[in-house]
Amino acid sequence: MKIECSLKPNRLFAPQLVGLVSSMDKNGRPNVATLAWITSVSAEPPLFCIAVGRSRYTHQCITSSREFVLNLPTMDILKEVQLAGTISGREGDKFEKVGLTPVESIALKTPCVKECAAHIECKVIDTKEAGDHTLFIGKVVATTCEFGAVKDGVLDVSRIKPVLHLGGTFFTTAGEIVDSRGL
Ligand SMILES: Cc1cc2nc3c(=O)[nH]c(=O)nc-3n(C[C@H](O)[C@H](O)[C@H](O)COP(=O)(O)O)c2cc1C
(Lines give C-alpha, C1' and ligand atoms only; values in the text may rest on other atoms or scores of the structure.)
Protein backbone atom coordinates (compact mmCIF):
# COMPACT_ATOMS: atom_id res chain seq x y z
CA MET A 1 0.00 0.00 0.00
CA LYS A 2 1.33 3.43 -0.99
CA ILE A 3 0.98 6.34 1.40
CA GLU A 4 1.60 10.01 0.77
CA CYS A 5 5.05 10.85 2.05
CA SER A 6 5.82 14.06 3.91
CA LEU A 7 9.57 13.55 3.70
CA LYS A 8 11.53 16.14 1.68
CA PRO A 9 11.91 14.60 -1.81
CA ASN A 10 15.72 14.67 -1.63
CA ARG A 11 15.55 12.61 1.57
CA LEU A 12 13.40 10.02 -0.19
CA PHE A 13 15.99 9.52 -2.92
CA ALA A 14 18.75 8.55 -0.52
CA PRO A 15 21.39 7.82 0.63
CA GLN A 16 23.59 10.22 -1.29
CA LEU A 17 27.33 9.89 -1.54
CA VAL A 18 29.08 12.68 0.32
CA GLY A 19 32.11 14.56 -0.95
CA LEU A 20 34.41 17.10 0.63
CA VAL A 21 34.77 19.79 -1.99
CA SER A 22 37.95 21.82 -1.74
CA SER A 23 38.22 25.21 -3.39
CA MET A 24 40.35 28.32 -3.21
CA ASP A 25 39.38 31.94 -2.68
CA LYS A 26 40.69 34.88 -4.73
CA ASN A 27 43.52 35.41 -2.21
CA GLY A 28 44.72 31.82 -2.60
CA ARG A 29 43.28 30.65 0.76
CA PRO A 30 41.89 27.11 0.53
CA ASN A 31 38.42 26.14 1.75
CA VAL A 32 36.59 22.87 2.19
CA ALA A 33 32.86 22.12 2.39
CA THR A 34 30.68 19.03 2.60
CA LEU A 35 28.44 18.37 -0.40
CA ALA A 36 26.00 15.55 -1.08
CA TRP A 37 24.44 16.91 -4.26
CA ILE A 38 27.11 15.63 -6.60
CA THR A 39 26.80 13.50 -9.69
CA SER A 40 28.82 12.23 -12.60
CA VAL A 41 27.16 13.54 -15.79
CA SER A 42 29.39 12.42 -18.69
CA ALA A 43 31.85 9.58 -19.24
CA GLU A 44 33.62 11.08 -22.27
CA PRO A 45 34.74 13.67 -21.51
CA PRO A 46 34.51 12.83 -17.77
CA LEU A 47 32.31 15.50 -16.19
CA PHE A 48 30.95 15.99 -12.67
CA CYS A 49 28.18 18.31 -11.58
CA ILE A 50 28.02 19.78 -8.08
CA ALA A 51 25.14 21.82 -6.66
CA VAL A 52 26.38 24.64 -4.44
CA GLY A 53 24.07 26.96 -2.51
CA ARG A 54 24.55 30.61 -3.47
CA SER A 55 25.15 31.61 0.16
CA ARG A 56 28.16 29.25 0.54
CA TYR A 57 31.69 30.63 0.62
CA THR A 58 32.54 27.67 -1.65
CA HIS A 59 30.23 29.26 -4.25
CA GLN A 60 32.26 32.46 -4.15
CA CYS A 61 35.56 30.54 -4.32
CA ILE A 62 34.60 28.34 -7.29
CA THR A 63 33.01 31.28 -9.13
CA SER A 64 36.33 33.15 -9.03
CA SER A 65 38.83 30.27 -9.43
CA ARG A 66 36.74 28.15 -11.86
CA GLU A 67 38.13 24.95 -10.30
CA PHE A 68 37.40 22.51 -7.44
CA VAL A 69 38.49 19.14 -6.11
CA LEU A 70 36.00 16.44 -5.26
CA ASN A 71 37.49 14.50 -2.33
CA LEU A 72 36.05 11.19 -1.13
CA PRO A 73 35.79 11.05 2.68
CA THR A 74 35.38 7.82 4.66
CA MET A 75 33.41 7.07 7.84
CA ASP A 76 36.50 7.46 10.04
CA ILE A 77 36.37 11.24 9.41
CA LEU A 78 32.58 11.59 9.76
CA LYS A 79 32.95 14.16 12.55
CA GLU A 80 35.09 16.35 10.29
CA VAL A 81 32.62 15.86 7.42
CA GLN A 82 29.73 17.06 9.60
CA LEU A 83 31.71 20.05 10.86
CA ALA A 84 32.86 21.06 7.35
CA GLY A 85 29.18 21.04 6.41
CA THR A 86 28.11 23.20 9.33
CA ILE A 87 30.56 26.10 9.58
CA SER A 88 31.64 28.49 6.81
CA GLY A 89 35.16 29.19 5.63
CA ARG A 90 34.20 32.82 5.11
CA GLU A 91 35.38 33.77 8.61
CA GLY A 92 38.69 31.90 8.66
CA ASP A 93 40.71 28.81 7.79
CA LYS A 94 38.15 25.98 7.79
CA PHE A 95 40.79 23.33 7.07
CA GLU A 96 42.42 24.21 10.37
CA LYS A 97 39.14 24.57 12.31
CA VAL A 98 37.93 21.18 11.12
CA GLY A 99 41.29 19.43 11.47
CA LEU A 100 41.83 18.51 7.82
CA THR A 101 45.04 18.90 5.81
CA PRO A 102 45.33 20.60 2.42
CA VAL A 103 47.88 18.89 0.14
CA GLU A 104 49.06 19.74 -3.36
CA SER A 105 46.97 18.63 -6.29
CA ILE A 106 48.40 17.33 -9.55
CA ALA A 107 46.81 19.69 -12.07
CA LEU A 108 45.17 22.49 -10.04
CA LYS A 109 46.17 25.28 -7.67
CA THR A 110 43.29 24.18 -5.40
CA PRO A 111 44.58 21.62 -2.87
CA CYS A 112 43.19 18.13 -2.17
CA VAL A 113 42.13 16.89 1.28
CA LYS A 114 44.87 14.56 2.56
CA GLU A 115 42.55 12.51 4.81
CA CYS A 116 40.30 11.47 1.88
CA ALA A 117 40.56 8.18 -0.03
CA ALA A 118 40.24 9.64 -3.54
CA HIS A 119 40.55 13.01 -5.23
CA ILE A 120 39.00 14.19 -8.48
CA GLU A 121 40.42 17.46 -9.77
CA CYS A 122 37.99 19.45 -11.92
CA LYS A 123 38.05 22.61 -14.03
CA VAL A 124 34.69 24.36 -14.37
CA ILE A 125 33.45 24.36 -17.98
CA ASP A 126 29.86 25.45 -17.41
CA THR A 127 27.39 26.71 -14.78
CA LYS A 128 23.63 26.68 -14.53
CA GLU A 129 21.34 28.31 -11.98
CA ALA A 130 18.94 25.81 -10.37
CA GLY A 131 16.60 27.25 -7.72
CA ASP A 132 18.66 28.25 -4.69
CA HIS A 133 21.78 26.41 -5.92
CA THR A 134 24.21 26.83 -8.80
CA LEU A 135 25.28 23.77 -10.76
CA PHE A 136 28.98 23.82 -11.50
CA ILE A 137 29.97 21.37 -14.22
CA GLY A 138 33.60 20.36 -13.91
CA LYS A 139 35.79 18.54 -16.38
CA VAL A 140 38.07 16.01 -14.68
CA VAL A 141 41.73 16.90 -15.22
CA ALA A 142 43.39 14.48 -12.75
CA THR A 143 42.42 11.73 -10.29
CA THR A 144 44.34 10.12 -7.43
CA CYS A 145 43.40 7.53 -4.80
CA GLU A 146 44.75 5.84 -1.73
CA PHE A 147 46.73 2.65 -2.31
CA GLY A 148 44.34 -0.31 -2.01
CA ALA A 149 41.17 1.75 -2.54
CA VAL A 150 40.31 -0.07 -5.79
CA LYS A 151 39.66 -3.78 -6.32
CA ASP A 152 38.36 -5.57 -9.46
CA GLY A 153 37.88 -2.23 -11.20
CA VAL A 154 35.60 -0.72 -8.53
CA LEU A 155 36.01 1.10 -5.26
CA ASP A 156 36.60 -1.50 -2.55
CA VAL A 157 33.85 -0.45 -0.15
CA SER A 158 34.62 -3.39 2.12
CA ARG A 159 37.79 -1.42 3.03
CA ILE A 160 36.98 2.17 2.06
CA LYS A 161 33.79 3.02 3.92
CA PRO A 162 32.09 5.83 2.00
CA VAL A 163 29.98 8.43 3.80
CA LEU A 164 26.36 8.27 2.64
CA HIS A 165 23.94 11.00 3.69
CA LEU A 166 20.37 10.18 4.70
CA GLY A 167 19.43 13.74 5.67
CA GLY A 168 20.08 16.12 8.57
CA THR A 169 22.55 14.56 10.99
CA PHE A 170 21.91 10.98 9.77
CA PHE A 171 24.40 8.99 7.72
CA THR A 172 25.01 5.42 6.64
CA THR A 173 27.73 3.55 4.76
CA ALA A 174 28.22 0.64 2.34
CA GLY A 175 30.21 -2.52 2.87
CA GLU A 176 28.87 -5.25 0.64
CA ILE A 177 29.91 -5.65 -3.01
CA VAL A 178 27.45 -7.65 -5.13
CA ASP A 179 28.43 -8.89 -8.61
CA SER A 180 25.12 -9.13 -10.50
CA ARG A 181 26.62 -11.72 -12.89
CA GLY A 182 26.34 -14.17 -9.99
CA LEU A 183 22.54 -13.76 -9.67
C1 LIG B 1 25.96 15.96 4.81
C2 LIG B 1 25.90 17.35 4.25
C3 LIG B 1 25.63 17.53 2.90
C4 LIG B 1 25.60 18.82 2.34
N5 LIG B 1 25.37 18.97 1.00
C6 LIG B 1 25.39 20.21 0.44
C7 LIG B 1 25.25 20.35 -0.98
O8 LIG B 1 25.13 19.41 -1.73
N9 LIG B 1 25.28 21.63 -1.47
C10 LIG B 1 25.45 22.73 -0.67
O11 LIG B 1 25.49 23.86 -1.17
N12 LIG B 1 25.60 22.60 0.69
C13 LIG B 1 25.59 21.37 1.24
N14 LIG B 1 25.76 21.23 2.59
C15 LIG B 1 25.93 22.44 3.42
C16 LIG B 1 27.34 23.06 3.33
O17 LIG B 1 28.36 22.10 3.49
C18 LIG B 1 27.45 24.12 4.44
O19 LIG B 1 26.56 25.17 4.16
C20 LIG B 1 28.87 24.66 4.63
O21 LIG B 1 28.91 25.34 5.83
C22 LIG B 1 29.32 25.55 3.51
O23 LIG B 1 30.60 26.00 3.81
P24 LIG B 1 31.29 27.26 3.10
O25 LIG B 1 30.48 28.48 3.44
O26 LIG B 1 32.68 27.29 3.69
O27 LIG B 1 31.29 26.97 1.64
C28 LIG B 1 25.80 19.95 3.17
C29 LIG B 1 26.06 19.77 4.54
C30 LIG B 1 26.11 18.49 5.07
C31 LIG B 1 26.41 18.31 6.54
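The values are calculated or read from the model by the stated rules, or taken from the named source; none is laboratory data. It should be emphasised that the depicted structure is a prediction, and the values quoted were computed from it without experimental measurement. When we count neighbours, we look across all protein chains shown, and the Cβ atoms used for this are built from the backbone with ideal geometry, even at glycine. Heads up: the accessible areas ignore ligands, DNA and RNA and are worked out on the full protein's heavy atoms, side chains in. Shrake-Rupley method; radii C 1.70, N 1.55, O 1.52, S 1.80 Å.
The figures follow:
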read-out	value
Where a residue in the stretch 41-62 is free of Cβ contacts under 8 Å to residues at least 40 places away in the same chain and of a type in the set (Gly, Ala, Ser) and its partner, wherever it lies, is open to solvent by less than 50 Å² (accessible area, probe 1.4 Å) and more than 6 Å from the ligand (Cβ to nearest atom), with Cβ under 6 Å and at least six apart	none
Restricting the stretch 146-177 to residues that are part of a strand (DSSP E or B) and of a type in the set (A, V, I, L, M), the residue that is farthest from residue 115 (Cα to Cα)	166
Total residues in the stretch 15-44, condition open to solvent by 50 Å² or more (accessible area, probe 1.4 Å) and more than 28 Å from residue 173 (Cα to Cα)	4
Positions within the stretch 135-172 being crowded, with 16+ Cβ neighbours inside 10 Å and touching a helix residue (DSSP H, G or I) at 6+ places or on another chain (Cβ under 6 Å), in sequence order	136, 161, 163
Test: residue in the stretch 60-75 that is among the basic types (Lys, Arg), within 22 Å of residue 171 (Cβ to Cβ) and open to solvent by 50 Å² or more (accessible area, probe 1.4 Å)	no
Residues (of a type outside the set (D, E, K, R) and within 13 Å of residue 120 (Cβ to Cβ)) located in the stretch 138-162	138, 140, 141, 142, 143, 144, 145, 149, 155
The stretch 79-98 residues that are more than 13 Å from residue 169 (Cα to Cα) and open to solvent by 40 Å² or more (accessible area, probe 1.4 Å), paired with ones that are more than 9 Å from the ligand (Cβ to nearest atom) and in a helix (DSSP H, G or I) (beta carbon under 8 Å, 6 or more apart)	87/97; 87/98
